[in-house]
Amino acid sequence: MSDLDIQHVNKSALLHRVFWRLHFWSGLLTAPIVLFAALTGILYIFTPQIEAWKHGELDKVEQIRPALPLDRQVDAAMAAFPGKQIKSIIPAYTVGETTQVIFGEQRQRGKKTDNTETSKPNGHEEHQGHQMPAASKAAKVEANDHSARAENLIVYVDPGTAKIQGSILESGRFRNWARKLHSNMLQGDGWRWIIELGASWMLMMMITGIYLWWPRGKASWRSVLQYSGNNRRATWRYLHSMLSIVLGLVTLTILLTGLTWAKYAGENFRMAQNAAAQNTPRAPKDLKSVVAINGNLALSMQAVYQQAKNQAPDVQMQLTPPKSESGVWKIDNYDRSQPGKRFQLILDAYSGNTMFQSGWEQMPVLSRATAVGIPFHRGEFGWWNQALLVLVGVSVIFSVVSGYVMWLQRRKAGTLSAPKLERRHAQAISWWVWLLMIALGIALPALGISMLLLIMIELTYLSWKKTLSPDF
C-alpha cells in the first residue's frame with residue numbers, strides 16, 4: 001500500500017470517528033424527544049378508528065332521509081346557537097354523515113364545561129328556518145365572550161331532518177388533541193421548536209448512521225447485509241442498523257414532510273417554494289362580489305353548493321361564506337386524502353360567477369409532492385398507510401432503545417464513554433462535510449443553532465482535554 005493510500009485510509013478512519021461521535025451526541029441528547037414523537041405519532045395514526053368510537057354519535061345519523069336544502073340545515077344550527085359567527089360549513093358528503101356548521105371564536109371563562117354536547121337543544125329539533133342572504137348569515141353578532149382564549153364550535157346537523165345531532169368545541173375532537181400532543185406537547189405553538197429540534201437531529205442521526213453503516217475499503221455489501229456476529233452486542237448493532245436501513249426511505253419521507261410545516265424549517269421551506277415558483281396558486285385577496293343593484297338577493301347556500309358541485313363533483317367540500325355584503329364565497333376540498341381532487345373555488349355571492357379556480361392541474365410539482373406527502377405523513381390513505389407508519393414508528397422506537405442498549409453495554413462505570421475526540425479527528429473533517437452541516441444548519445434553524453452550540457462545546461473540550469478523563 002502506497003503512502004497516499006495509507007493517508008487516505010487514516011483520514012477515512014478519523015472522519016469515521018467524527019461521524020460516530022456526532023451520531024452518539026444526536027442520539028443521546030434528542031432520543032427522549034424522538035421517542036415522544038414516535039409514540040404520539042403512532043397514537044395519531046389511529047385517529048379514524050378512535051374518532052369513530054369516540055365521536056360516532058356526532059358524525060353519523062341513525063335514520064337516513066333525503067337531504068334538505070343546505071340553508072335549512074344551517075338555519076337550524078344558527079337558531080340553536082344564536083349570536084355566533086359562522087366560519088364555514090362542511091356539507092354531508094356520504095350517505096349517513098352529518099353536516100358540520102362551524103362557528104368561530106367560541107369563548108368560555110370561569111367554570112369548567114364539558115367539550116361535548118350530544119343532546120339536542122330544546123325547541124329547535126323541528127326548526128324549519130327561512131332563506132337568508134349569505135352575507136347576513138355570516139355577519140358577526142355580538143356574543144357573550146369574555147375569555148382570552150377562543151376556539152371554534154362545531155355543530156352537527158342531521159341533513160335529512162335539520163335536527164341538531166350535537167356539538168363540540170374543536171379542541172374536544174380527538175384528532176385535534178392528538179395533533180397538538182404530537183406537534184407541541186399540548187403547550188401551544190411556543191413549544192413547537194422542541195419537536196422540530198428532535199426531528200432535525202433525527203435527520204442528522206440518519207445521515208451519520210448511513211455513513212457509519214456504508215461499506216468502505218475492501219468491505220463488501222455482503223459483509224454489512226449478512227449477520228456475522230457472535231455476541232449480544234453484535235446482534236444489537238446488526239438489528240439497529242438493518243431495521244433503520246430497510247425502512248429508511250419511508251422514515252426520511254415522514255421526517256421531511258413533517259419538517260415542511262414545522263415552525264422554523266417550515267418558514268424556510270415556504271420561502272424556497274415561493275422563490276422557485278412552486279407554491280400553490282392562490283386567489284387574489286381583493287376579490288369582491290358585485291352587489292346587486294336591482295334588489296336581487298344573494299344566492300342561497302344550496303345554490304352556491306350546487307354550483308360548486310357542478311364544477312367539482314365527487315369531492316367533500318368546505319364552504320366559507322362572505323364576511324361582508326361585497327364578500328365572496330370560498331370553497332375548498334375538505335378531504336386531504338384526495339390530493340388529486342385538490343381545488344379552490346371563489347364565487348360571486350350574487351351571480352354565482354366563478355372569480356377564481358385552481359386545482360391539481362394548476363399545482364406545480366413541489367406543491368403536488370407536499371399535497372401527497374402530508375396526508376401520507378398523517379396516515380390518511382387508508383389501512384396500508386396506517387400499517388406502514390406504525391411499522392416505521394416501532395422501528396424508530398427500537399432504534400432509540402437499541403442505541404441506548406449498545407451504549408450501556410460498552411459504557412465504563414463513572415464515564416460517559418462517548419467516542420473519543422482529538423484534534424486530529426476535527427482536522428480530518430472534509431470540506432464537503434462542513435458544507436453539508438452549514439446547508440443543514442441554514443435549512444433547519446433548530447438544528448443549526450444547537451449544532452453550533454455543540455461545536456463550541458466540543459472545541460472547548462478539545463482545549464481542556466488534558467484536564468479531563470480520557471473516557472469522558
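Taken together, the values in this text are just the output of simple stated rules run on the coordinates, not laboratory data. Note that this is a predicted model, so its numbers are computed, not measured. Neighbour counts run over all protein chains shown; Cβ positions are idealised from the backbone, glycine included.
Modelled spin-label separation between Asn230 and Trp214, with each label point placed 7 Å from Cα along the Cα-to-Cβ direction: 3.1 nm. In this structure, Lys309 and Phe381 have a Cβ-Cβ separation that, at R0 = 30 Å, corresponds to a calculated FRET efficiency of about 0.80. Placing a label point 7 Å from the Cα of Leu15 along the Cα-to-Cβ line, the residues of segment 423-448 whose backbone N sits under 11 Å from it are 428-434. Take the Cα of Trp261, step 7 Å toward its Cβ, do the same at Arg282, and the gap between the two points is 1.5 nm. About its Cα centre, the dipole of segment 7-71 is roughly 720 debye, where the only charges are +1 on Lys and Arg Cβ and -1 on Asp and Glu Cβ. Projecting the Cα positions of Gln273, Ala199, Met185 onto the charge dipole of segment 183-275 (unit charges on Cβ atoms of Lys, Arg, Asp and Glu, taken about the Cα centre) puts Ala199 furthest along the positive direction. Farthest towards the positive end of the charge dipole of segment 290-360, among the residues Val304, Pro321, Gln338, is the Cα of Gln338, using unit charges on the Cβ of Lys, Arg, Asp and Glu. Taking the centroid of alpha carbons for each part, segment 66-92 and segment 235-266 are 44 Å apart. Taking a sphere under 12 Å around the Cβ of Leu186 and counting the other residues whose Cβ falls inside, with K and R at +1 and D and E at -1, yields a net charge of +2.
Modelled spin labels at Ser417 and Glu361, positioned 7 Å past Cα toward Cβ, are 6.3 nm from each other.
For the listed peptides 438-444, 381-387, 328-334, a ranking on the average number of other beta carbons within 10 Å per residue, highest first, reads 328-334, 438-444, 381-387. Cα centroid separation, segment 314-365 to segment 405-425: 57 Å.
Given axes a ≥ b ≥ c from the Cα gyration tensor, I'd like to know whether segment 276-360 is rounded (a/c under 1.5), prolate (a/b larger than b/c) or oblate.
Oblate, because a/c is 1.5 or more while a/b does not exceed b/c.
Structure shown: which of Lys54/Lys87; Lys87/Lys285; Lys60/Lys163; Lys309/Lys330 lie over 20 Å apart, alpha-carbon to alpha-carbon? Flagged as over cut-off: Lys54/Lys87. Stretching Arg65 away from Leu28 to a fully extended chain increases their span by 7.5 nm, per 0.36 nm per residue minus the current alpha-carbon distance. Taking 41 Å as R0, compute the FRET efficiency from the Cβ-Cβ separation of Leu39 and Ser326 and round it to 0.05. That gives a FRET efficiency of 0.25.
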